[in-house]
Amino acid sequence: MSKYQNNEVTPVAHQSRTAELVLGIIGGIFGIIAGLLAMTIGGIGSALETSGSAGVSNLGVVCIIVSVLAIILSVMINRNHVLMGWLIILCGILNFVFVSFFGILSGLLIVIAGGLALRK
């Protein structure tokens, strides 16, 4: 006699979230690098006394904060993968918005990690 007869539901196997973890961490690292590049360009612009350079530096700092948050959320992906997936997608979009050109690679990797987290 089988263990799961009489219409018993088979146990659901725990799905590995390694891809989301790795993509989130790599995207976060690239986001930190993009934030540092934006801060560097803002500093150079400030040294040359151009307008708006302080804003670029501030957006670089915010990009670094969002990238660190994306890494933290990627590590916690197994707790609630749907909520973490949406928050990671939000971090990826914000990463791209804050540092635009520099955030393309990191934002894309983070959004892909969040999208993978939304699958069952």
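The values are calculated or read from the model by the stated rules, or taken from the named source; none is laboratory data. Source: prediction; values computed, not measured. Ideal geometry is used to build each Cβ from the backbone, glycine not excepted, and the neighbour counts take in all protein chains shown. Please note that ligands, DNA and RNA were not included when accessible areas were found on the heavy atoms of the full protein model with its side chains. Shrake-Rupley method; radii C 1.70, N 1.55, O 1.52, S 1.80 Å.
Annotations
- Of the residues Ser16, Ser74, Ser53, the one that moves most in a GNM of the chain with alpha-carbon contacts below 10 Å is Ser16.
- Between Ser46 and Ile33, residue separation times 0.36 nm minus the direct Cα-Cα distance comes to 2.7 nm.
- Apportionment of accessible area to carbon and sulfur, the chain, percent (1.4 Å): 73
- Here is how the number arises for the chain: DSSP H runs of 4 or more residues each give -39500 (n - 2.57), the sum is divided by the residue count, and the result at 222 nm is -25000 deg cm²/dmol.
- Within the listed set Thr40, Thr18, Thr50, the Gaussian network model of the chain (springs between alpha-carbon atoms below 10 Å) gives the highest mean-square fluctuation for Thr50.
- 1.4 Å probe accessible area per residue over the chain, in Å²: 61
- Inter-label distance for Ala54 and Ile72, nm, one decimal - labels placed 7 Å from Cα along Cα-to-Cβ: 2.8
- Label point distance in nm, Phe101-Asn80, each placed 7 Å from Cα along Cα→Cβ: 4.0
- Dipole magnitude for the chain: about 420 debye, using +1 per Lys or Arg Cβ and -1 per Asp or Glu Cβ, origin at the Cα centre.
- Among Leu48, Leu73, the order of accessible area from largest down is Leu48, Leu73, computed with a 1.4 Å probe on protein heavy atoms.
- Subtracting the Cα-Cα distance of Leu118 and Val61 from their residue separation scaled by 0.36 nm leaves 17.7 nm.
- Of the GluC sites (Glu not before Pro) in region 8-97, the ones in a loop by DSSP (not H, G, I, E or B) with at most 11 other beta carbons within 10 Å are Glu8, Glu49.
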